[in-house]
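Single-structure report; data block below.
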Amino acid sequence: MAHSENFLHVAKSNTDLLQANKTLCRLSIPPDVLLLHATYDSMQSMSLVQSLLCTGTHLINHQFSVYLGSRLMRVLDVVVIHFFEFPMEIIKLFNLRYLGFTYRGHLPKSISKLLNLETIVHHNWTFGQCPSLPQEIWTMPRLRHLYLTPNFLPDPPTAQIDEENYVRLEHLQTLSEVRGFVCKEEVLERIPNLKKLEISYDPVSSPEGWLYYHLENLVNLHHLETLKLLVKDPPMSRDISPPILAFPPKLKNLTLSGCRILWEDMTIVGTLPNLEVLKLRNYAFQGAEWETIDGEFCELKFLLIEKTDLVQWTAERTHFPRLERLILKECFRLKEVPSGIGEIDTLNIIELVDCRYSVETSAKQIKEEQESFGNYTLEVRVNARRTFEDKFYTRILR
């Protein structure tokens, strides 16, 4: 549709470029065409291009020059090209609003010259040390979205609120993924309107270690709606110390991974008044028993529990009054799905992935019981890995 209305010209070869209208504003080119020397020459005559999209299914390594557009360029998406060196010609694109690219290194300080930039998508496929953003990133006033894989974020320049060089990213809404983010009050007040945040940490062996990150200050992000907090590669030892957390009340979507919080401390999550989606991955919580209570999870619609040592889960229908979908994945020790879960009026799907047969059986019993009451809307999906087969089989319990 976009091609037929001349909204976006799709060039599948250099010949297409040669035959294209030189006044094109939006151009899409596959990476193997963009990297041709002939293409470089052809595109230099297209001085009015404002959007350049390079799309493909595979990441392509590139070590040579590539045409990255004229100074009118507003959108540059070349994520599928892996640059070994940062393409400094990007810094000349003063009108750039969107920049997406793959580069295995640190962003240069000069990125801050792009004062109109609103979105940065930086993929980093290095397996070495995690790169760090330049401190100058704090001086880019129009930034709205930072998508990283991942980066360290340095503290902003030291300044008092009334000083001329005091900077705030007033418009920043998305920050993902920042490694080892230290949530100091003076840092969070520089990003007051953040809505989405993804942060990750290495395991910490003591409560004092977590104090350094000030995660309890997350409660001060008053506009935060989506939070992902990941502890990378948590050890199986239960001696690992869980992070000290406090969440803002507007939070709607929460993902926790590797935190090893005790189930009895679930109240810090359950009492969030607007929480709709909760994903607990890779021992986010630990312990053999979880007993939910009334008055919590009042708005929760989606619950995922993945990789846990939970054995006994006790829950009633009133504990999740609005739940629509429940996913249990790799809960190898869990004995059964609580029968009270099946009595939730809004529940549409129970999905089980690599759980015990007793869990499958309990889910089937829940479905049969609901059908005996005339409720045929509940669907139970089972995806199980058989130990003697290296493949998945899927079946729908009807």
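The values are calculated or read from the model by the stated rules, or taken from the named source; none is laboratory data. Keep in mind it's a predicted model, so treat the numbers as computed, not measured. Glycine gets a Cβ as well: all are built from the backbone with ideal geometry, and neighbour counts include every protein chain shown.
Quick one: which of Leu143, Leu148, Leu107 is at pLDDT 95 or above and either within 21 Å of the chain's Cα centre (by Cα) or farther than 21 Å from Pro30 by Cα (or both)?
Numbers: Leu148 fails: at pLDDT 95 or above; Leu107 fails: at pLDDT 95 or above.
Selected residue: Leu143, the only one of Leu143, Leu148, Leu107 that is at pLDDT 95 or above and either within 21 Å of the chain's Cα centre (by Cα) or farther than 21 Å from Pro30 by Cα (or both).
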Can you tell me which residue within segment 227-272, out of those that are more than 17 Å from the chain's Cα centre (by Cα) and on the phi > 0 side of the Ramachandran plot, is surrounded by the most Cβ atoms within 10 Å (Cβ to Cβ)? Arg260
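Please work out which residue is farthest from Pro321 (Cα to Cα), limiting yourself to segment 250-263 and to residues that are at pLDDT 95 or above and of a type outside the set (Phe, Trp, Tyr).
Result: Ser257.
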Residues of segment 120-129 satisfying the condition of being closer than 20 Å to Ile191 by Cβ and surrounded by fewer than 19 Cβ atoms within 10 Å (Cβ to Cβ): Val121
Can you run down the residue pairs with Cβ atoms below 6 Å, 6 or more apart or on separate chains, where the first is in segment 304-320 and on the phi < 0 side of the Ramachandran plot and the partner is crowded, with 22+ Cβ neighbours inside 10 Å and part of a strand (DSSP E or B)? Ile305/Leu280; Ile305/Leu328
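Each row is one residue, and each column tells you yes or no for (1) touching a Ser or Thr at 6+ places or on another chain (Cβ under 9 Å); (2) at pLDDT 95 or above; (3) in a helix (DSSP H, G or I).
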position: Ile305; (1), (2), (3): no, yes, no
position: Trp313; (1), (2), (3): yes, yes, no
position: Leu323; (1), (2), (3): yes, yes, no
position: Leu326; (1), (2), (3): no, yes, no
position: Leu334; (1), (2), (3): yes, yes, no
position: Val337; (1), (2), (3): yes, yes, no
position: Leu347; (1), (2), (3): yes, yes, no
position: Leu352; (1), (2), (3): no, yes, no
position: Ser362; (1), (2), (3): yes, yes, yes
Does any residue of segment 218-226 turn out to be surrounded by 15 or more Cβ atoms within 10 Å (Cβ to Cβ), among the acidic types (Asp, Glu) and part of a loop (DSSP other than H, G, I, E, B)? yes
Filter segment 298-353 for residues that are crowded, with 18+ Cβ neighbours inside 10 Å and among the small types (Gly, Ala, Ser) and give the result. Ala315, Gly342
Selection within segment 167-187 - without any contact (Cβ under 8 Å) to a residue 40 or more places away in the chain, within 19 Å of the chain's Cα centre (by Cα) and not in a loop (DSSP other than H, G, I, E, B): Thr174, Leu175, Val178
Could you list all residues from segment 62-86 that are modelled with pLDDT under 85, crowded, with 18+ Cβ neighbours inside 10 Å and outside any strand (DSSP E or B)? Val66, Tyr67, Leu68, Gly69
Within segment 266-277, is even one residue closer than 27 Å to Ser358 by Cβ, at pLDDT 95 or above and of a type in the set (A, V, I, L, M)? yes
Of the conditions (1) within 23 Å of His223 (Cα to Cα); (2) at pLDDT below 95, the single one that Pro242 does not satisfy is (1)
Checking Phe297 against (1) at negative phi; (2) outside any strand (DSSP E or B); (3) touching a helix residue (DSSP H, G or I) at 6+ places or on another chain (Cβ under 7 Å), only one condition comes out false. Which one? (1)
Among (1) part of a loop (DSSP other than H, G, I, E, B); (2) buried (at least 20 other Cβ atoms within 10 Å of the Cβ); (3) at negative phi; (4) modelled with pLDDT of 95 or more, there is one condition Leu280 misses while meeting the rest; what is its number? (1)
Filter segment 245-268 down to residues that are among the hydrophobic types (A, V, I, L, M, F, W, C) and touching an Asp or Glu at 6+ places or on another chain (Cβ under 8 Å) and give me whichever is nearest to Val219 (Cα to Cα). Ala246
